[in-house]
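Heads up, the thing below is written out as structure tokens.
The values are calculated or read from the model by the stated rules, or taken from the named source; none is laboratory data. This is a predicted model, so every value here is computed, not measured. Don't worry about glycine lacking a Cβ; one is built from the backbone with ideal geometry, like all the others, and counts go over all protein chains shown. Heads up: the accessible areas ignore ligands, DNA and RNA and are worked out on the full protein's heavy atoms, side chains in. Shrake-Rupley method; radii C 1.70, N 1.55, O 1.52, S 1.80 Å.
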Amino acid sequence: MSGISEEIGTAKSSSELARLSVSEKMGYGLGDAGGTIVTGLISNFLTFFYTDIFGLTPAVVGTLFLVLRVIDAVSDPLIGIVADRTSTRMGQFRPFILWTAVPLGLIAFLTFSVPDLAYHWKLLYAVVTYFLLSVLYSLNNVPYCALVTKITTNPLELVSCQSWRFALCGVAGFAVSVGLPIMVDYFGQGDPVRGYQYGVGVLSCLAVIMFLLCFYGVKERVVAKVNHTFNLRESLKSIRHNDQLLLTFIMSLLIISIFNTKGGAALYFITYVLHGDATYTSLFFGMATLGGIAGSILVQYLTRRFEIRRIYFWVNVVLALAHFAVAFVPGTATTLWLGLVFICCVVLGFILPMHFTLVTFADTYGEWKSGRRSSGMNFAFNLFFVKLAWAVAGVIVSVTLTIVAYRSGADNQTSASLAGITMLSTVIPGVLHMLLAITVRFFRIDNQLVARMEQELGR
């Protein structure tokens with residue numbers, strides 16, 4: 001790796017950059033599908049695994065998630081700096097996906113393993129493995145997110161790439177949310193420790209394959225017109241003065257907090273409020289995943305007719321009101337809940353493709369304003385807020401469970417604990433959706449401004 005003093009090459013014409021092949025969009029999407037296996041394990045299962053399988057208390061889990069985010073505040077920007085200074089014959093961002101594929105899969109497997117140790121050594125094991133999982137995920141995902149800026153600059157193709165990305169993420173999410181409970185039963189045969197270890201082992205291998213397919217399936221072709229030597233101070237100044245990028249950080253914090261709060265509470269909600277067995281759990285996660293995939297595909301058609309930021313705003317308003325309303329649906333209506341989850345996740349599936357398209361717009365906006373492109377740093381800070389949302393969601397879940405005096409086991413649930421678990425799946429995400437809608441109102445980059453920026457940047 002070396003500092004980038006200039007970017008050599010011939011820029012492609014706008015017509016060459018306008019359309020991407022389906023295979024390349026799929027290749028790009030598979031990179032985050034592999035990442036979704038990791039984040040799906042974290043958001044949907046890690047809190048439950050730590051409290052009910054590993055043996056940690058909710059308070060310890062919440063503290064673990066929060067403390068490690070402080071470390072991310074330093075490590076993620078450093079990774080962004082490294083990404084911005086990287087230049088290899090394989091490209092600037094692609095190599096990181098190759099380099100991290102196997103280590104990330106291995107540490108995911110180890111994170112969901114339970115060592116036969118005394119409690120304080122088990123706690124240390126949990127801290128170390130989760131820390132390494134977080135760092136390796138950053139080394140993989142920061143360059144991955146920045147990679148799309150090297151693939152295309154066309155707004156519709158950006159949305160299409162993100163749609164393929166999150167549709168494939170939905171498939172990966174389905175493999176995690178539906179497949180893992182089945183594999184825990186199959187491999188564990190009554191021993192959830194062994195079930196989780198073997199099940200996560202299978203999923204980790206699948207993630208490694210997806211990372212490798214992404215590396216070999218995409219090409220970096222966009223060449224910046226502005227040549228400059230990387231300068232940390234100037235890059236940080238560019239980020240600080242990019243008000244639209246700062247807004248996307250807040251938006252990332254809120255949207256990922258929603259996903260991870262709902263995901264972290266899901267097993268508690270299914271197990272103790274809906275009284276679902278393994279089959280019902282798979283159905284519940286399956287309906288959620290299929291809805292998300294459908295939404296990721298359908299959003300392409302909406303963005304061709306309506307402004308992205310307007311759709312983003314109204315989707316969050318609708319979801320906020322919907323989450324408040326479903327709080328009154330009784331837990332005994334288990335079939336109705338499957339239908340509601342599917343409908344909710346179709347609409348929720350609109351959000352992530354639009355969100356990361358807006359993040360890309362804000363990245364371009366910063367280059368347009370300052371004449372300096374720092375995509376690695378920009379997406380590193382964005383990922384920090386994504387991972388901060390992991391901690392926020394973990395704290396929300398842990399604090400709520402602590403307040404309502406949650407204890408594992410169906411016989412230990414009280415009316416207060418059931419009410420708290422229900423709020424984690426309904427009212428609290430609804431409040432976060434409303435805050436997100438308010439934040440989006442201040443985002444002002446539209447398709448017309450994007451076209452103007454690209455023209456003035458010479459792309």
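Cross-linked pairs 150/387; 25/369; 25/262; 150/369; 262/387: Cα-Cα separations exceed 27 Å for 25/369; 25/262. Computed from Cα positions, the angle between helix 447-456 and the longest principal axis of the chain comes to roughly 40 degrees. Accessible surface area normalised per residue over the chain is 40 Å², counting heavy atoms of protein chains with a 1.4 Å rolling probe. Using heavy atoms of the protein chains and a probe of 1.4 Å, the accessible area assigned to residue 254 is about 20 Å². Within the full protein context, the accessible area of residue 345 is estimated at about 20 Å² for a probe radius of 1.4 Å. Which residue, chosen from 253, 153, 451, occupies the Cα position most advanced towards the positive end of the dipole of the chain, where the dipole is computed from +1 (Lys, Arg) and -1 (Asp, Glu) charges on Cβ about the Cα centre? Positive-end residue among those listed: 451.
Put simply, the Cα atoms of segment 345-459 extend 66, 26, 21 Å along their principal axes, the longest span coming first. Taking all protein chains as shown and a probe of 1.4 angstrom, residue 287 keeps an accessible surface of around 60 Å².
Give me log10 I(q)/I(0) at q = 0.13, 0.23 Å⁻¹ for segment 119-210, Debye formula, one equal scatterer per alpha-carbon, no solvent. So the normalised log intensities work out to -0.65, -1.21. Each residue of segment 60-68 is assigned a 3J(HN,Hα), and the resulting list reads 5, 4, x, 5, 4, 4, 6, 5, 5 Hz, derived from the Karplus form 6.51 cos²θ - 1.76 cosθ + 1.60 (θ = phi - 60°), x at Gly and Pro.
What angle, in degrees between 0 and 90 and rounded to the nearest 10, separates the Cα long axis of helix 22-41 from the longest principal axis of the Cα atoms of the chain? Helix 22-41 sits at roughly 40 degrees to that axis. Note down the Stokes-Einstein diffusion coefficient of segment 229-309 in µm²/s, whole number, using a Kirkwood radius over alpha carbon pairs, 25 °C, and 0.890 mPa s. So the translational diffusion coefficient is about 150 µm²/s. Per-atom-type breakdown for the chain gives carbon and sulfur 66% of the accessible area (1.4 Å probe, protein chains only). When the Kirkwood radius is taken over all Cα pairs of the chain, what Stokes-Einstein diffusion coefficient follows at 37 °C and 0.692 mPa s, in µm²/s? Calculated translational D: 147 µm²/s.
Just want the answer: with Cβ charges of +1 for Lys and Arg and -1 for Asp and Glu, which residue in 176, 426, 75 is farthest toward the dipole's positive end in the chain? Value: 75.
Ranking 445, 182 from most to least accessible surface, computed with a 1.4 Å probe over the protein chains only, gives 182, 445. Report summary: the helix-based calculation at 222 nm, which adds -39500 (n - 2.57) for every DSSP H run with n ≥ 4 and divides by the residues of the chain, gives -25500 deg cm²/dmol. Charging the Cβ of each Asp and Glu at -1 and of each Lys and Arg at +1, and nothing else, the dipole of the chain about its Cα centre rounds to 1060 debye.
Backbone phi angles across segment 423-434, fed through the Karplus curve with coefficients 6.51, -1.76 and 1.60 (θ = phi - 60°), yield HN-Hα couplings of 4, 5, 9, 10, 5, 5, x, x, 4, 5, 4, 5 Hz in residue order; Gly and Pro are listed as x. Using only Cα atoms and rounding to the nearest 10 degrees, what angle (0 to 90) does helix 119-151 make with the longest principal axis of the chain? Once rounded, one gets 30 degrees. Ordering 297, 37 by accessible surface, largest first, gives 297, 37; the 1.4 Å probe counts only protein heavy atoms, with every chain in place.
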